[in-house]
């Protein structure tokens, strides 16, 4: 299997790439900064701009079996990258005939009625709106076999391999655990057409996702 990762040079992207390679998956590591990705016989860095039109994204996707969106502008270009860039990548997948699409999002991004309960919302309002737009487009306007992982606050702590899915309130996730969740979802049917909130917990990742 070969996976295309949009945002492969980011913190999650690098960890996800390594995790997939350990599982025997080849990775097209797409980024605006491909020089930040280490090439190997399983990892193929590719310069890729999410602000490009969907039709120009199709050719780079041609050898992929599944596509990950783990990119982000870190607040610098929310409309063109976090929102419309994600949508353009979805459209490119459909043009390329790729069905599997896995999106990294934020906790409760599709539940705006809960946003005011999140203490970080005031400083991240525009980010949440961008994520809402992208997630809802994937759910409502595509025929892709999607999984949306909505992660809690990200930390650099060592991963535990233990999570809770759909917890009642926002918590924390380590970068390592989020990358592992994304990799585990790749060909796990119990995660197909699901929006899954995650935070640290007591259940091994694979077991938790099997109950998603």
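The values are calculated or read from the model by the stated rules, or taken from the named source; none is laboratory data. Fair warning: this is a prediction, and the values are worked out from it, not measured in the lab. Positions of Cβ are backbone-derived with ideal geometry, glycine not excepted, and every protein chain shown enters the neighbour counts.
Of these, 20, 89, which one is within 13 Å of the chain's Cα centre (by Cα), outside any loop (DSSP other than H, G, I, E, B) and in contact (Cβ under 8 Å) with a residue 60 or more places away in the chain? Sole residue among the options that is within 13 Å of the chain's Cα centre (by Cα), outside any loop (DSSP other than H, G, I, E, B) and in contact (Cβ under 8 Å) with a residue 60 or more places away in the chain: 89.
All conditions in (1) in contact with a helix residue (DSSP H, G or I) (Cβ under 8 Å, 6 or more places away or on another chain); (2) on the phi > 0 side of the Ramachandran plot; (3) modelled with pLDDT of 95 or more hold for residue 105, with the sole exception of (2).
Consider residue 44 carefully, then state whether it is surrounded by 15 or more Cβ atoms within 10 Å (Cβ to Cβ), modelled with pLDDT of 95 or more and over 22 Å from residue 146 (Cα atoms). Yes. Restricting 31, 38 to residues that are surrounded by 14 or more Cβ atoms within 10 Å (Cβ to Cβ) and under 18 Å from residue 14 (Cβ atoms) narrows the list to 31. The residues of segment 119-149 that are part of a helix (DSSP H, G or I) and touching a helix residue (DSSP H, G or I) at 6+ places or on another chain (Cβ under 7 Å), listed by number, are 121, 126, 127, 128, 130, 131, 132, 133, 134, 137, 138. Of all the residues in segment 53-86, those that are modelled with pLDDT of 95 or more, more than 18 Å from residue 127 (Cβ to Cβ) and part of a loop (DSSP other than H, G, I, E, B) number 4.
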